[in-house]
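Asks: Before anything else, here's the structure in question.
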Amino acid sequence: MDDLHDETGGAMKSLDDYFDPGFTVDDILADAKTSPYINDAYYAKLRADMQEWDAAGAPLTEAERQDYEALILQENWLLDRRNFERWYQLYTRECVYWVPAAHDLPANAELDPQSHVTIAFDDRRRMGDRIVWLRTGVAYSQLPPSYTAHHASGFVRVSTVTKGEVKVRSQFILHEMRANNPVQTLSGWMGHVFKSEDGKLKIDRKVVCLLDAQRAHHNLTFLI
Amino acid sequence: MPDPTDYSDLIEADRVHRTLYTDEQIFRTEMNKIYGGTWTYLAHASELSKPYSFVRRTLGLRPVIVTKDRNGQFHGVLNRCTHRGATVCRDESGTARRFTCPYHNWSFDNTGALVGVPMEEGYGPDFDKSKLGLGKLRVAEYRGFIFGTLNSELPDLETHLGHAARRLDEWMDRWPGGRISVRHGQHKLICNGNWKLVNDNSADGYHPGFSHASLLRMRKDRYGGGVDMQWVLGNVDEGLQTVADLGNGHTFLDQRREIERYWDQSAPMPGEDSYVETLRTRMGEKAEAALDMVMGSGMNLNIFPNLLIIGNQIQVIVPRALARTDLIWYSTSIEADDIPPEINSLRMRLQEDFPSFGEPDDLANFEECQSGLSVPEMEWLVVSRHRTTGKEYVDEHGHTTGPVTDELPIRAFWAEWQKWMTSTTKLVAQ
Ligand code: FES
Ligand SMILES: [Fe+2]
């Protein structure tokens, strides 16, 4: 099994070592100002991913939990704390954060982002745009901000033919509260594709498949 | 409080009354008299590409089905069984030769005719199926845009659209020979506010520099000046944008004169640099004109009461309740032999930009308007901007035009609104 342990060969010792503490929104401002990697081949990769997500998964081993489940739980915590600058560091340089506007995935043919709009399709640059936008202090849809509680469970490893990648599927429930609005609940499944970059385990692609993706939503400007 | 049935007390030259946004009775009247009284946008022909296609829509709060028959003719029928009232169609879209009501299996063909009743003899010898078809709308199409009404006295659709049809032509004909396709997904945004807060905003050139400060600041901090929408900053009354009253409640905000080169001024989108390289390598100089088709049109064309053309998107206002509106942003592509697929992939990504970083801030502001308008002691909203500054003029087509922050489009909306709300025409489902 080609687990993606860091170069020392062991699972990540401490997640605190994972992040650059001096990394701020100013670093994001200057990072990834072009969009050079989303192309036909990348879209083809996402279609291939969707086929692989459809397979039965195997519950994670203890070692896999330490690597992959830990990182997903860490991601959830960072999002709930609105620590977007750290969240950004979890992702590779050629990443995508994708929330299809089609439900019933992977069965729905309307999923293909190459020919359909999505709720979110963020490459590295747009992910940066989103964080800078959230941090402007004048994004009225996030003033006051959304407070979220991500709950994840049902982690399974799904096999992939791509060398150097690990696929983990999970189920989620997300509660969101903002201003005077009632608490909203979102749920569905997520797929995380992990890859090693610069000696660290990172998320290369994340797809969020909402149960109600095709319905109207009230203010989805928070991160899922 | 003014009498809510006498609308002239609520709509003055300079101000309108808050109850127009907060009164249940007014909302119910609007849903019956405006939606279905005038030509109301229902669907785009490209959503009904095959024979026997249908889509489920609403006309105000009425459930309707838009269908295409075997000859390619469009029909609009009320989704309401003539037996005991159940909806006969429960899918969002699809193809069907017949709609069979699940309750007692009365079945209707896709033009609405009743064609089957189980154990029909039980209704006796005088039972006449031909009188029990689904309620029918009057339907008309203008170049793919399908409208419906329950008003048999309305002039034909093209007459009603008037000069708005010419603007729609300009929007559709940006690429000679190109066809607009509306089969690429939607953004569906909920606003807990009255539907007219959306209309008020649809040709409001006053708000972007403020309500969209987040988008503008993000763009400027990251990419510098020159990109999308930077022309809305500063004193826009001195800029080149205009608003116009096109008649019959249709209004237009024109940003096009601020755009020198569409592609260069476009908002960023995923895949931009990779596809530009591919296209320039493959097409040479011809790539530039095609790339311009990625960026939004620079037009905001509002067709009363519910169709808002914005950028490359078709935005449809769907009122659900007094203070609940769904805004559906239909994405579009251009189909033409000489438009490469990469252009449409880029269009998909660009059409995610404004629903992500622009519209949500407006919707938050509309909801806060709804909240503020609940205050009974503060009765009025100001809609007088540029009414008396002498900046309005009549353009070469005879339309009143003004600087982009002119509240003229809002005043034009209310004039049309009043016309339908006080109309005595009887609406019928034939
Ligand atoms: S209600 Fe439709 S068949 Fe009875
Ligand atoms: Fe706006």
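The values are calculated or read from the model by the stated rules, or taken from the named source; none is laboratory data. These figures come from a predicted structure and were not determined experimentally. Neighbour counts run over all protein chains shown; Cβ positions are idealised from the backbone, glycine included. When the accessible area is computed, the model is the full protein with side chains, heavy atoms only, and any ligands, DNA or RNA have been set aside. Shrake-Rupley method; radii C 1.70, N 1.55, O 1.52, S 1.80 Å.
Asks: Here are some residues: B:214, B:181. Which one is in contact with a Ser or Thr (Cβ under 6 Å, 6 or more places away or on another chain) and more than 15 Å from ligand 2 (Cβ to nearest atom)? Break it down into steps so the answer makes sense when it comes.
Replies: Details: B:214 fails: more than 15 Å from ligand 2 (Cβ to nearest atom).
Result: B:181 is the single residue among B:214, B:181 that is in contact with a Ser or Thr (Cβ under 6 Å, 6 or more places away or on another chain) and more than 15 Å from ligand 2 (Cβ to nearest atom).
Asks: Out of everything in the stretch A:201-222 that is in a loop (DSSP other than H, G, I, E, B) and open to solvent by less than 10 Å² (accessible area, probe 1.4 Å), what residue ends up being farthest from residue A:91 (Cα to Cα)? Give the steps one after another, and end with the answer.
Replies: Filtering the stretch A:201-222 for residues in a loop (DSSP other than H, G, I, E, B) gives A:211-216, A:218-222.
When the remaining residues are screened for being open to solvent by less than 10 Å² (accessible area, probe 1.4 Å), the result is A:213, A:221.
Working: A:213: 24, A:221: 19 Å.
Looking at the filtered set, the residue picked out is A:213.
Asks: Right, next: With in contact with a Cys (Cβ under 7 Å, 6 or more places away or on another chain), within 21 Å of residue B:348 (Cβ to Cβ) and at the interface with chain B (Cβ under 10 Å from one of its Cβ atoms) as the only criterion, which of A:130, A:124 stands out?
Replies: Values: A:130 fails: in contact with a Cys (Cβ under 7 Å, 6 or more places away or on another chain).
Step by step, each of A:130, A:124 is checked, and only A:124 is in contact with a Cys (Cβ under 7 Å, 6 or more places away or on another chain), within 21 Å of residue B:348 (Cβ to Cβ) and at the interface with chain B (Cβ under 10 Å from one of its Cβ atoms).
Asks: Show me the strands (runs of 3 or more DSSP E) entirely contained within the stretch B:316-430 in which 1 or more residues are more than 16 Å from ligand 2 (Cβ to nearest atom) and among the basic types (Lys, Arg). Before the answer, list the steps.
Replies: On the way: elements: B:324-330, B:333-335, B:380-382, B:400-403.
The qualifying strands (runs of 3 or more DSSP E) are B:324-330.
Asks: Oh, and also: Mind listing whichever residues of the stretch B:294-332 are aromatic (Phe, Trp, Tyr) and over 25 Å from residue B:33 (Cα atoms)?
Replies: Of the residues in the stretch B:294-332, the ones aromatic (Phe, Trp, Tyr) are B:304, B:329-330.
Passing the criteria: only B:330.
Each row is one residue, and each column tells you yes or no for (1) within 16 Å of ligand 2 (Cβ to nearest atom); (2) within 14 Å of chain A (Cβ to nearest Cβ); (3) under 19 Å from the mean Cα position of the chain (by Cα); (4) in contact (Cβ under 8 Å) with a residue 40 or more places away in the chain.
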| residue | (1), (2), (3), (4) |
| --- | --- |
| B:72 | no, no, no, no |
| B:102 | no, no, no, no |
| B:108 | no, no, no, no |
| B:150 | no, no, yes, yes |
| B:154 | no, no, no, yes |
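Asks: Name every residue in the stretch A:196-224 that is among the hydrophobic types (A, V, I, L, M, F, W, C), more than 16 Å from residue A:121 (Cβ to Cβ) and within 14 Å of another protein chain (Cβ to nearest Cβ), in order of residue number.
Replies: First, the residues of the stretch A:196-224 that are among the hydrophobic types (A, V, I, L, M, F, W, C): A:201, A:203, A:207-211, A:213, A:216, A:220, A:222-224.
This time we only want the ones that are more than 16 Å from residue A:121 (Cβ to Cβ), so: A:201, A:211, A:216, A:222.
Matches in the stretch A:196-224: A:216, A:222.
Asks: Of the conditions (1) within 29 Å of residue A:178 (Cα to Cα); (2) within 14 Å of another protein chain (Cβ to nearest Cβ), residue B:322 fails just one. Which one is it?
Replies: In the conditions (1) within 29 Å of residue A:178 (Cα to Cα); (2) within 14 Å of another protein chain (Cβ to nearest Cβ), residue B:322 misses (2) alone.
Asks: What is the number of the single condition among (1) closer than 30 Å to residue A:180 by Cβ; (2) crowded, with 19+ Cβ neighbours inside 10 Å that residue B:368 does not meet?
Replies: Status for residue B:368: all satisfied but (2).
Asks: Among A:86, A:126, which is the only one that is within 17 Å of the chain's Cα centre (by Cα), at pLDDT 95 or above and buried (at least 20 other Cβ atoms within 10 Å of the Cβ)? So that I can check it myself, show each step before the final result.
Replies: Values: A:86 fails: buried (at least 20 other Cβ atoms within 10 Å of the Cβ).
So the residue among A:86, A:126 that is within 17 Å of the chain's Cα centre (by Cα), at pLDDT 95 or above and buried (at least 20 other Cβ atoms within 10 Å of the Cβ) is A:126.
Asks: Within the group B:41, B:21, which residue is closer than 21 Å to residue B:427 by Cβ, crowded, with 20+ Cβ neighbours inside 10 Å and among the aromatic types (Phe, Trp, Tyr)? Show your work before the answer.
Replies: Numbers: B:21 fails: closer than 21 Å to residue B:427 by Cβ.
Exactly one of B:41, B:21 is closer than 21 Å to residue B:427 by Cβ, crowded, with 20+ Cβ neighbours inside 10 Å and among the aromatic types (Phe, Trp, Tyr), namely B:41.
Asks: Which ones in the stretch B:86-131 are within 13 Å of ligand 1 (Cβ to nearest atom), farther than 22 Å from residue B:42 by Cβ and of a type in the set (Phe, Trp, Tyr)?
Replies: B:103, B:106, B:123
Asks: Where the second residue is of a type in the set (Val, Ile, Thr) and not in a strand (DSSP E or B) and the first is more than 9 Å from every other protein chain (Cβ to nearest Cβ) and lies in the stretch B:177-189, which pairs have Cβ atoms under 6 Å and are six or more apart or on separate chains?
Replies: B:180/B:332; B:182/B:332
Table: residues versus (1) more than 14 Å from every other protein chain (Cβ to nearest Cβ); (2) within 14 Å of ligand 2 (Cβ to nearest atom); (3) part of a helix (DSSP H, G or I); (4) of a type in the set (Asp, Glu).
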{"residue": "B:218", "(1), (2), (3), (4)": "no, no, yes, no"}
{"residue": "B:234", "(1), (2), (3), (4)": "yes, no, no, no"}
{"residue": "B:246", "(1), (2), (3), (4)": "yes, no, no, no"}
{"residue": "B:251", "(1), (2), (3), (4)": "yes, no, no, no"}
{"residue": "B:276", "(1), (2), (3), (4)": "no, no, yes, no"}
{"residue": "B:288", "(1), (2), (3), (4)": "yes, no, yes, yes"}
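Asks: Here are some residues: A:183, A:156, A:193, A:161. Which one is surrounded by 19 or more Cβ atoms within 10 Å (Cβ to Cβ) and either modelled with pLDDT under 95 or away from chain B (no Cβ under 13 Å) (or both)? Give the steps one after another, and end with the answer.
Replies: Values: A:183 fails: surrounded by 19 or more Cβ atoms within 10 Å (Cβ to Cβ); A:156 fails: surrounded by 19 or more Cβ atoms within 10 Å (Cβ to Cβ); A:161 fails: surrounded by 19 or more Cβ atoms within 10 Å (Cβ to Cβ).
None of the others qualify; the one that does is A:193.
Asks: Next question, about the same structure. Before we move on, is residue A:115 modelled with pLDDT of 95 or more and buried (at least 22 other Cβ atoms within 10 Å of the Cβ)? Before you say what the answer is, go through the steps one by one.
Replies: Details: modelled with pLDDT of 95 or more: yes; buried (at least 22 other Cβ atoms within 10 Å of the Cβ): no.
Criteria not met by residue A:115.
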